[in-house]
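Have a look at the structure below, then the notes.
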Amino acid sequence: MSLTYLHYEVLRTFRSRALLFSLGFPLVLFLVVASTNRHATLEGVSFPLYYMAGMASWGAMLGIISAGSRISVERQQGWTRQLRLTPLSPRAYLLAKVVCGYLTALLTMVVLFVAGTVLGVRLGVREWAVMVGLALVGLVPFGLFGVMVGHLLKPDSLGPAVGGLSALFALFGGAWGPIATHGTLLDLVRDIPSYWLVQSGTVAYGGGGWPLRGWVVVGIWSLAAARLAFVAYRRDTARVV
Amino acid sequence: MSIPALADSGLVLRDLAKSYGPVAAVRGIDLTIAPGETVALLGPNGAGKSTTIDMILGLAPPDAGSVTLFGSTPARAVADGRVGGMLQTGQLISELSVRELVAMVAALYPRALPVDEVLAVTGAERFAAQRTTKLSGGQSQRTRFAMALVANPDLLVLDEPTAALDVEGRHDFWASMSEVARQGKTILFATHYLEEADSYADRIVLMARGRVVADGAATDIKSRVGGKTIRATLPGVDLDALRSLAGVTGALRRGEAVTLACSDGDAALRSLLGTYPAARDLEVRGAGLEEAFLELVTEDEDEETAP
Ligand SMILES: Nc1ncnc2c1ncn2[C@@H]1O[C@H](COP(=O)(O)OP(=O)(O)OP(=O)(O)O)[C@@H](O)[C@H]1O
Ligand SMILES: [Mg+2]
């Protein structure tokens with residue numbers, strides 16, 4: 001794929017107003033809630049650390065899903081048709097969307113981490129690295145959801161769909177605070193990929209990582225999301241060879 | 001057909017057909033365009049021009065028939081960057097300036113032209129720094145034209161390229177098209193404007209109701225209808241009876257007036273007055289391309305509505 005093409009796609013992503021919201025909401029929420037609970041603890045870690053990981057996960061999720069969902073707008077505008085007249089392959093087009101999604105997610109996480117540091121979160125280099133690394137893996141199913149949504153929905157339903165989807169995942173994943181600390185409900189939410197995304201912060205504390213279950217859950221959701229995204233892509237582009 | 005013959009030919013359509021549900025948009029088109037030709041696809045609304053173009057560009061699969069571009073499939077020719085196009089519908093993507101958008105498209109083609117040069121030629125230079133969402137209709141059209149041109153393709157396909165352009169825009173457009181044609185590129189453009197087809201194309205392909213009804217140089221098409229049109233006021237006359245008069249090839253009615261397309265104007269006038277002495281307000285004119293267009297298009301319609 002042409003790097004120039006990617007460059008302009010990235011430029012478009014960072015100029016987009018959507019970024020303001022996927023970055024702004026989690027940041028404001030974090031600053032408000034964490035600053036009033038600076039010295040509390042949650043799930044065995046400091047409240048700002050837990051909440052930083054939660055808000056970074058939610059924001060990254062929101063950013064990466066909306067990056068993919070821009071496909072829907074470009075289809076409506078007739079831009080994807082125009083692109084089919086160029087040598088750009090559909091694969092390169094999707095790849096560029098995913099790269100933009102990851103960059104959005106990374107930017108969101110970095111901003112939240114800086115805010116966390118300001119509110120007293122202290123992690124070692126290894127711990128930061130583990131947290132970011134796990135978050136990048138944990139975002140895979142959500143990047144694919146974005147592509148799926150982009151092919152499945154019309155632009156007018158994107159806002160509620162992307163907002164609602166990421167809110168549900170954030171809520172059950174414990175991004176806004178643990179939804180369950182024991183019992184069947186905890187067992188259930190541990191099968192949700194966003195749970196492990198949020199956990200990337202707390203498990204990194206002390207230098208740990210996901211247990212096997214985390215990898216399996218994220219792996220299975222990624223495969224399922226890839227399948228769904230592929231079906232949506234095929235269905236959507238069937239009329240155009 | 002041998003392979004070299006195919007490779008030499010620019011664009012070959014064989015028995016191409018496509019329907020949208022009950023609507024037969026394109027009904028069997030055979031067309032060969034040699035490299036270097038400039039061809040106008042002329043026809044009224046709904047004639048099937050855009051559908052044909054979509055199939056040529058590989059955007060829509062034909063129901064039947066085949067498209068060959070430079071000896072290969074449309075997908076192959078597009079992947080090789082040999083095709084550039086301007087579609088009839090479609091907006092420009094947001095969050096980029098005109099210059100950035102053209103540069104982004106240029107980056108996708110192997111033999112793209114310098115962006116600044118294309119911006120200058122298309123007159124997009126003046127608003128190159130503006131965001132694509134803040135353009136007038138004609139400015140967007142110039143931007144779309146710049147996107148097609150920067151690709152520097154062997155075949156340029158343009159669907160109603162001058163729609164929304166002002167006089168100067170049209171002039172700029174055709175000036176740069178002539179330059180492209182001089183470089184030996186193949187150009188196919190769809191239009192409703194007879195003058196455009198007449199002045200800028202080597203050849204006119206006239207489409208009506210999904211078919212090619214005439215194909216040739218503008219002069220050939222004019223001569224297809226002989227050259228004379230007779231208008232007369234003649235209430236209540238049977239059109240079929242008029243069509244059977246000597247020298248008459250077609251007849252149309254508008255209120256009490258009839259218009260006759262004639263292959264032989266003199267013979268037609270004599271037989272008209274001989275058969276219908278009541279005919280008045282006679283007017284004889286040399287048929288232009290417009291009459292030819294109307295006649296060929298309506299001729300085909302008569303065919304369709306016949307039981
Ligand atoms: N996507 C579509 N779905 C259904 N019918 C279609 C579609 N596209 C075109 N048609 C129909 O096919 C016929 C040919 O349309 P087409 O767009 O090819 O005409 P055209 O010659 O380009 O007309 P115009 O000069 O108005 O652009 C029309 O009757 C139109 O209604
Ligand atoms: Mg059209």
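Overview of values
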| read-out | value |
| --- | --- |
| B:S178 being away from ligand 2 (no atom under 16 Å from the Cβ), closer than 27 Å to A:T86 by Cα and either within 14 Å of chain A (Cβ to nearest Cβ) or without any contact (Cβ under 8 Å) to a residue 24 or more places away in the chain (or both) | yes |
| Matching residues in region B:100-114 - criterion: being surrounded by fewer than 21 Cβ atoms within 10 Å (Cβ to Cβ) and either more than 14 Å from chain A (Cβ to nearest Cβ) or closer than 22 Å to B:E168 by Cα (or both) | B:L113 |
| Test: residue in region B:38-47 that is open to solvent by less than 30 Å² (accessible area, probe 1.4 Å), more than 16 Å from ligand 1 (Cβ to nearest atom) and not in a helix (DSSP H, G or I) | yes |
| Selection status of B:R111, of a type in the set (K, R) and assigned to a helix (DSSP H, G or I) | no |
| Enumeration of residues in region B:155-196 that are more than 23 Å from B:E125 (Cβ to Cβ), open to solvent by 70 Å² or more (accessible area, probe 1.4 Å) and more than 16 Å from ligand 1 (Cβ to nearest atom) | B:E195 |
| Some residue of region B:91-114 being of a type in the set (A, V, I, L, M) and farther than 21 Å from A:L11 by Cα | yes |
| Region B:31-88 - residue that is more than 22 Å from B:M147 (Cβ to Cβ) and touching an Asp or Glu at 6+ places or on another chain (Cβ under 6 Å) and, of those, farthest from the other protein chains (Cβ to nearest Cβ) | B:E37 |
| Index of the failed condition, B:V258 passing every other in (1) open to solvent by less than 40 Å² (accessible area, probe 1.4 Å); (2) closer than 20 Å to B:L206 by Cα; (3) part of a strand (DSSP E or B) | (2) |
| Residue selected from region B:197-246 under the condition at negative phi and within 16 Å of ligand 2 (Cβ to nearest atom), by the criterion most open to solvent (accessible area, probe 1.4 Å) | B:R211 |
| Count - residues of region A:1-47 that are among the polar types (S, T, N, Q) and either more than 9 Å from chain B (Cβ to nearest Cβ) or on the phi > 0 side of the Ramachandran plot (or both) | 6 |
| Residue count, region B:20-37 (criterion: within 12 Å of ligand 1 (Cβ to nearest atom), in a strand (DSSP E or B), open to solvent by 50 Å² or more (accessible area, probe 1.4 Å) and of a type outside the set (V, I, T)) | 2 |
| Tally, over region A:180-198, of residues that are free of Cβ contacts under 8 Å to residues at least 60 places away in the same chain and outside any loop (DSSP other than H, G, I, E, B) | 9 |
| 2 or more residues over 30 Å from B:V105 (Cα atoms) and at pLDDT 90 or above: qualifying helices (runs of 4 or more DSSP H) within region A:1-119 | A:17-36, A:47-76, A:90-118 |
| Residues within region B:85-108 that are in a loop (DSSP other than H, G, I, E, B) and touching a strand residue (DSSP E or B) at 6+ places or on another chain (Cβ under 8 Å), tallied | 5 |
| Only one of A:F113, A:F142, A:F47 that is crowded, with 18+ Cβ neighbours inside 10 Å, within 13 Å of the chain's Cα centre (by Cα) and not hydroxyl-bearing (S, T, Y) | A:F142 |
| Search result, residues across region B:50-84 that are part of a loop (DSSP other than H, G, I, E, B) and open to solvent by less than 40 Å² (accessible area, probe 1.4 Å) | B:L57, B:G58, B:L59, B:A60, B:F70, B:G71, B:G81 |
| Helices (runs of 4 or more DSSP H) contained in region B:167-237 and holding at least 3 residues within 13 Å of the chain's Cα centre (by Cα) and not basic (K, R) | B:194-200 |
| Residues of region A:64-88 satisfying the condition of being out of contact with any Leu (no Cβ under 9 Å at 6 or more places or on another chain) and facing another protein chain (nearest Cβ under 9 Å) | A:Q76 |
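The values are calculated or read from the model by the stated rules, or taken from the named source; none is laboratory data. Worth saying up front: this structure is predicted, and the values here are computed from it rather than measured. A quick note on method: Cβ atoms are made from the backbone with ideal geometry, for glycine too, and the neighbour counts reach across all protein chains shown. Remember, those area values only see protein heavy atoms, side chains included, never the ligands or the DNA or RNA. Shrake-Rupley method; radii C 1.70, N 1.55, O 1.52, S 1.80 Å.
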